[in-house]
Every structure is written in structure tokens, then in C-alpha cells.
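Notes follow the structure.
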Amino acid sequence: MCGIVGHLGPSNSVDIVLEGLRRLEYRGYDSAGITFLNNDGQLETVKKTGKIENLAGELKNVNTESMASIGHTRWATHGGVTDLNSHPHSYGHLSMVHNGIIENADDLRDELIKNGFEFKSETDSEVFLILVYSLLEKLSLKEAILKAFKMVDGNSAFVFINEKSREIFAIKRAAPLVCGTHATNSQAVLSSDPYALIGAADRIYFPEDGVLCHLSASNKELISFYDLDGNPSSDYKSQSQEMEYDPSDKGDYEHYMLKEIYEQPGLMRSLCQFYFDGDGKKLLKEASELKPERFHISACGTAFYAGLLVRDYLEGINRIPCVYELGSEFRYRNPILKKGDVSLFISQSGETADTLASQGECKEKGVPTVSLVNVEGSSLFRGCDYNLLIRAGVEIGVASTKAFTQMALTGRLLSHALSPDYGDTDKEKILVDKFSLLAERVDDVLHRVDVIKKIAEEIYNKKGYFFTGRGQYYPVALEGALKLKEIAYVHAEGYAAGELKHGPIALIDEEMVNIAVVGPELKDKTISNIQEIKARKGIIVGIGPKDRSLEKISDFFIELNFDGLDELSPIYVNVVNQLLSYYMAKFKGTDIDKPRNLAKSVTVE
Ligand code: F6R
């Protein structure tokens, strides 16, 4: 989704911002732009729809020497994908970028138009810029931003650059924002994603909501913070920047998604190491001290489906009841939150607005909050009482793969921490061995990828796809269908295998494919469900254990060995679904790492 980068320092500001924007590319966007303070002390803006390379191409035609600049990648919400709607927006001596949504933009715009101001774009963002400008007659820029901020509704981050003095202001409400400084390079930077700051900052600051960050060349510290009344504020967290940027890119892989699928066995193995022998021990101990009578699980998309597996662990192994709800629905259902409840949020980015909204609701109601999260230091991480890191590393492919696996496995570790087996070294060894067995089996699937590729080639051009599974395989049927939709742009649905006959079976004909996940549990019943599809000429891709009747009924068959995997089996099957989607998308020729219309981190509700 939208990305922000800003820089102020002795040199090459535009290069640094452009590099930052490139690092945010994976989040999804449809236009990009930069405003910089040029050698004549004037703000100059270049913005273009399409890829960052279009912007970089335009920038080659101008002298970009600059010591202060702000940049943005836009994922359109208010107003079409046009150069004019792209950010930064400018008015007078100000330029601004914005992430998020201003909910009362229409009312404010009407008022400003009445007062004689003219708008160039269709965006809600420009409303904030002009609102600030309109207040400058009586107020300083700092005061005007603070006043305007109090007048807007919704979750947003705003960043301003001022032509009159080499300074940048930033402020946010429930939207990601991080600032940083580099002691030796005397530069200050900011972004919506710490990933953009790696190398550019050695100390980073996470401001709380409503804290105004002021980056100024005339300030010895380079950054200062103010509260909503304009007084100095210490309401931010500061830490040294320890993330590493690995520009090794895709290595020998054609896409990040494929690379990330192949990283999974290694990540599975190192997760146990982290939690049983490494720094994660402390986190697991904290989790083991929770006394949940009931869990509320909330997440979005792939993270939600991983949450369904986590629910199966917590209910099946621990017998702790779980209520689960999509992040976007949670607080609007007026959830019943009781004493003894614990809320669990699952997220790769830790910045998903809907998940954060659910977390905010639980926090407000005094329910302890726990996260399974990938990005340390993200808003979810900072907002929760307890965090278990899923340790997936940076996930660049927009379609989530390795994060799903790590979420489910970390959920299994949470279930272990809450069980009587916690602290029993023999029992722990059994669990670690099971994780290793899973890694081995996934390795084996990755070595047999040619079978999956061949099937993908046979089925990629069919009319529609049903992923089905029962019991613990139902969540991976949902996730399989989501993956295929996202990257191959075909219609796919996930169904509980027993449910197709209650309606969707009307769609089955010789052009419809049923990707049927069959585990050792409920095997015969699931095979009966597949018979119903076969009888109506549907094409069957069977994924399951060696079984004569399953092989016979399948037009294509992928044999898996479930022995000893038990509750980890769905994660194993899911890797097959990931590869199937990947190769179908490849045969279709889509943009696999950056599928159309999608954003990696969805920071609007
Ligand atoms: C699917 C996908 C999305 C995310 C969802 C939540 O491949 O990536 O469905 O899973 O937007 O994102 P996080 O996990 O960052 O909260």
C-alpha cells in the first residue's frame, strides 16, 4: 500500500529517497513521486503513474542535486490512477505526501472551496495540504499542522516539506511512521517502513500517534518531537537500527515468491532453535504464563487462514475455546469480551489497519493482547502486551507464503507453551523432531516440483477452481484458493469438501477443476465428496496419501507422505498449493511478485 520516504542531509537526497521507494515497491502501488528542494531553493516535483522506473526515468532529465526531499508510492483509494492524483501534492511553498484516508475530507473540501481555495486533484490528501495552508495566515507551519491534524478524522500519516526553510514535518494517527538519524552521515530520514531506512539510519524512532516529528537541518539533533499542544514530547520509542538489507535479491530464482517458498524448510528448523535454545525462550516463557479461558483470534487474508490452524491447535491440543473473526469485522460485531479472555492477532507486516483496529478495541476493553507477528517494532508489535515473532525474514512477494507457514508453526509453539508439556525436555524434543520431519517432507515436495509444474500446465487455462478439504485441511483449501486468485487472476474458491453439494456443485462441469486435499483423517468421506464432483465431469487434482481409490478417481495425483506429521500436515499440503498457484500464474504470464491491485501491507481500513 502507499509508502512514504523522506530525507534531509548533506547530499544526494533524491537518490536516498528513490532507493527507499524501491525498497517499498513490494508493498504494491500504482504511481510514485518525489518533491525535492533544488539548488535554487525551490521545491520541484516529479511524479508519474506506473512503476518507480518511470519516475526514475523522468528524474534523469532534471538536476536532482538536493539536500531535502520527500517521496511516495501511491496505491489509489480516492481518485483514479493519474499523474495529478499521485503524490506529492503541492500548494504555495509546501509539498506533502499522505498515507491513509481522511474520512471527513468532503466536508473540509467544501468549506475550503467556499473560502476560495482551488483543488487540482481528486484526492482526500490534498484537502489536508490546503487546510494547513489556509491556517498559515495566523499560525506557524508547526502550529498549522497540529491544528489541522486535530480537525481530520481517520487513520493517516502526513509528511510536509517546506520551501522556506530546510525542514520536514511528519505526524500520524494509527498509520506506520518511523524516523531515523545517522550520526556519521549527519542525516535524518523517515519512512512508513523501517526497511527503507536500513543503511540510511543507525538509530530509529517510532513516534506515538499525534507526535509531531520535526526534521531540521538547523537542529543539532536533526530530529525533535512535539505533542499536540506544540510542547516537546518524549512519546516515542527509540532503538538502534539492527535490521539488515539483503540486496541478494532473488538469487537464482525467477521470482521472490518462489525463493520464499524454498526458504520454508530452513525457516521451520530455525524457528524451534530460536524458541527452545535462543532469544525466543524468554518470549515463550512469557506466553506460558498467560491464563486464557478463551481466545479471540483476529487477522486478515492469509494471516486469518493461518489463524484457523492456530485455532485448531488451541482448541484441539489445549481445549481452550477460540472465537475467530476477520480483522475488518471484529469490532463492528460488538464482540463479547469477558474477564479471562485473551486476544490473539496474527500479521506479517504488523501494520494491517483492520487487525490494528481489532487490537485497539481489545486494548481499550482491557483484554490482554498477544501477537504472532513478523516485523519486530511494527505497530502491532509495539501495541501488544506479548509478542511471539514468527521469524519469516523479509517477505517481498506480495502473495504471502513463508509467513503463513511461520504463523501456523508459531501458533503451534504458543499451544505448546500453554500445555502441560511446556518445560518437559522429552516432550519438547518430540515437537522439535516433528518440525524437522515437516521440513524434510517439504524438502521432498520441493524436489518433486516437476510433477506439480506439469499439472499446472495442464489446468491453468480452465474456467474455475475449487480447493476443498475437510477438518484441519479446510483452512489450507481457503488459503490455496486465495493464493491462486491473487497471482493467477482466475476465479478460485476454498470450500469444506462436504459443503460443495449444498450449492456450489451446480457450477461443476468439464471445465471446472477441484483441487482436492485429502488427509489420512476423514479420507473415505472426503473421497466420497470427490466422487460427487467426478460424476459431474469435474477435473480432479488429488493431493493426498497413497490410496488406490484416490489415485483412480484423480485426473492428476500428487502423493504425499503424512506419517508422523499429525497436526502439522496442513502446512505440508499448503506448500503444494503454493507451488501449484505459482506455476499456474507463471503459465498465465502474470506479474507474480507484484500482482495487479494488491498491496503488501494494507494500511487502510
Ligand atoms: C495474501 C496476503 C494478504 C495478507 C493480509 C494480511 O497473500 O498477503 O491476504 O495476508 O493483507 O496482512 P498481514 O499479515 O501483513 O497483516
Options Asn39, Asn63, Asn85: the member that is surrounded by 17 or more Cβ atoms within 10 Å (Cβ to Cβ), in a loop (DSSP other than H, G, I, E, B) and out of contact with any Leu (no Cβ under 9 Å at 6 or more places or on another chain): Asn85
For the stretch 207-235, enumerate the residues that are under 19 Å from Ser191 (Cβ atoms) and among the aromatic types (Phe, Trp, Tyr). Phe225
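State which residue is nearest to Val398 (Cα to Cα) when the search covers only the stretch 554-605 and only residues that are assigned to a loop (DSSP other than H, G, I, E, B) and of a type in the set (S, T, N, Q). Write out each step before concluding.
Narrowing the stretch 554-605 to residues assigned to a loop (DSSP other than H, G, I, E, B): 554-555, 560-565, 589-605.
Remaining after also requiring of a type in the set (S, T, N, Q): 554, 561, 590, 597, 601, 603.
Working: Ser554: 32, Asn561: 30, Thr590: 13, Asn597: 11, Ser601: 9, Thr603: 14 Å.
Selected residue: Ser601.
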Tell me yes or no: at least one residue of the stretch 297-318 is without any contact (Cβ under 8 Å) to a residue 40 or more places away in the chain, of a type outside the set (Lys, Arg) and in contact with a strand residue (DSSP E or B) (Cβ under 8 Å, 6 or more places away or on another chain). yes
List the residue pairs whose Cβ atoms are under 9 Å apart, where the first residue sits in the stretch 368-392 and is not assigned by TED's automatic domain parsing to the domain that holds His296, the second is within 12 Å of the ligand (Cβ to nearest atom) and at pLDDT below 90, and the two are 6 or more positions apart or on different chains. none
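How about the stretch 363-373: which of its residues are crowded, with 18+ Cβ neighbours inside 10 Å and either over 24 Å from Leu284 (Cβ atoms) or more than 16 Å from the ligand (Cβ to nearest atom) (or both)? Before you say what the answer is, go through the steps one by one.
The first filter runs over the stretch 363-373 and keeps only residues crowded, with 18+ Cβ neighbours inside 10 Å, leaving 367, 369-373.
Passing the criteria: only Val367.
On the given criteria, is Val127 modelled with pLDDT of 95 or more, out of contact with any strand residue (DSSP E or B) (no Cβ under 9 Å at 6 or more places or on another chain) and either of a type in the set (Ser, Thr, Tyr) or within 26 Å of Leu212 (Cα to Cα) (or both)? Lay out the reasoning, then the answer.
Details: modelled with pLDDT of 95 or more: yes; out of contact with any strand residue (DSSP E or B) (no Cβ under 9 Å at 6 or more places or on another chain): yes; either of a type in the set (Ser, Thr, Tyr) or within 26 Å of Leu212 (Cα to Cα) (or both): yes.
Yes: the conditions hold for Val127.
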Please work out if Ile261 is within 16 Å of the ligand (Cβ to nearest atom), assigned to a strand (DSSP E or B), not charged (D, E, K, R) and not assigned by TED's automatic domain parsing to the domain that holds Glu143. no
Of the candidates Arg294, Arg311, the one satisfying the condition of being outside the structural domain of Asn574 (by TED's automatic domain parsing) and within 24 Å of Val602 (Cβ to Cβ) is Arg311
Could you tell me whether any residue of the stretch 559-570 is under 23 Å from Lys453 (Cβ atoms), within 16 Å of the ligand (Cβ to nearest atom) and crowded, with 23+ Cβ neighbours inside 10 Å? no
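Any residue that is among the β-branched types (Val, Ile, Thr) and either in contact with a Ser or Thr (Cβ under 8 Å, 6 or more places away or on another chain) or under 19 Å from Pro265 (Cα atoms) (or both) - is there at least one of those in the stretch 541-548?
Let us first name the residues in the stretch 541-548 that are among the β-branched types (Val, Ile, Thr), namely 541, 543.
So of that shortlist, the ones also either in contact with a Ser or Thr (Cβ under 8 Å, 6 or more places away or on another chain) or under 19 Å from Pro265 (Cα atoms) (or both) come out as 541.
Checked the stretch 541-548: at least one residue is among the β-branched types (Val, Ile, Thr) and either in contact with a Ser or Thr (Cβ under 8 Å, 6 or more places away or on another chain) or under 19 Å from Pro265 (Cα atoms) (or both).
Condition check ((1) of a type in the set (Gly, Ala, Ser); (2) part of a loop (DSSP other than H, G, I, E, B); (3) farther than 23 Å from Ser378 by Cα) across all residues:
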residue	(1), (2), (3)
Thr184	no, yes, yes
Leu190	no, no, no
Gly230	yes, yes, yes
Ser234	yes, yes, no
Met243	no, yes, no
Glu254	no, yes, yes
Filtering the stretch 374-408 down to residues that are more than 11 Å from the ligand (Cβ to nearest atom) and of a type in the set (A, V, I, L, M), which residue is surrounded by the most Cβ atoms within 10 Å (Cβ to Cβ)? Ala408
Output the residues belonging to the stretch 288-311 that are surrounded by 24 or more Cβ atoms within 10 Å (Cβ to Cβ) and of a type in the set (A, V, I, L, M). Ile297, Ala299, Ala303, Ala306, Leu309, Val310
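Looking at Asn577, Asn597, can you tell me which residue is within 16 Å of the ligand (Cβ to nearest atom) and at positive phi? First the steps, then the outcome.
Working: Asn577 fails: at positive phi.
Asn597 is the lone residue from the list that is within 16 Å of the ligand (Cβ to nearest atom) and at positive phi.
Which residue is nearest to the ligand (Cβ to nearest atom), if the candidates are limited to the stretch 350-362 and must be among the small types (Gly, Ala, Ser) and in contact with a helix residue (DSSP H, G or I) (Cβ under 7 Å, 6 or more places away or on another chain)?
So in the stretch 350-362, the residues among the small types (Gly, Ala, Ser) come out as 350, 353, 357-358, 360.
With the extra rule that they be in contact with a helix residue (DSSP H, G or I) (Cβ under 7 Å, 6 or more places away or on another chain), the set shrinks to 350, 357-358.
Numbers: Gly350: 7, Ala357: 12, Ser358: 11 Å.
Within the stretch 350-362, the match that is nearest to the ligand (Cβ to nearest atom) is Gly350.
Looking at Val432, Val449, which is the one that is away from the ligand (no atom under 16 Å from the Cβ), more than 24 Å from the chain's Cα centre (by Cα) and closer than 30 Å to Asn597 by Cβ? Spell out how you get there, then give the answer.
Details: Val432 fails: closer than 30 Å to Asn597 by Cβ.
Exactly one of Val432, Val449 is away from the ligand (no atom under 16 Å from the Cβ), more than 24 Å from the chain's Cα centre (by Cα) and closer than 30 Å to Asn597 by Cβ, namely Val449.
Being in the same structural domain as Ile452 (by TED's automatic domain parsing), under 27 Å from Ala399 (Cα atoms) and within 16 Å of the ligand (Cβ to nearest atom) narrows it down to one of Ala496, Ala516, Ala488, so name that one.
Ala488
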Would you confirm, using the coordinates I've provided, whether His72 is touching a Lys or Arg at 6+ places or on another chain (Cβ under 6 Å) and closer than 27 Å to Ser140 by Cα? no
As an exercise: evaluate His72 against (1) in a helix (DSSP H, G or I); (2) touching a strand residue (DSSP E or B) at 6+ places or on another chain (Cβ under 9 Å) and give the number of the one condition it does not meet. (1)
Looking at (1) surrounded by fewer than 20 Cβ atoms within 10 Å (Cβ to Cβ); (2) within 16 Å of Phe587 (Cα to Cα); (3) in contact (Cβ under 8 Å) with a residue 40 or more places away in the chain, find the lone condition where Ala488 falls short. (1)
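Could we say that Arg412 is closer than 17 Å to Val373 by Cα, away from the ligand (no atom under 16 Å from the Cβ), basic (Lys, Arg) and at pLDDT 95 or above here? Let's see the steps before the verdict.
Values: closer than 17 Å to Val373 by Cα: yes; away from the ligand (no atom under 16 Å from the Cβ): yes; basic (Lys, Arg): yes; at pLDDT 95 or above: yes.
Considered against the rule, which asks whether it is closer than 17 Å to Val373 by Cα, away from the ligand (no atom under 16 Å from the Cβ), basic (Lys, Arg) and at pLDDT 95 or above, Arg412 comes out as yes.
The values are calculated or read from the model by the stated rules, or taken from the named source; none is laboratory data. Bear in mind that the values here come from a model prediction, so they are computed numbers and not experimental data. Heads up, the Cβs are rebuilt from the backbone with ideal geometry, glycines too, and the neighbour counts pull from every protein chain shown.
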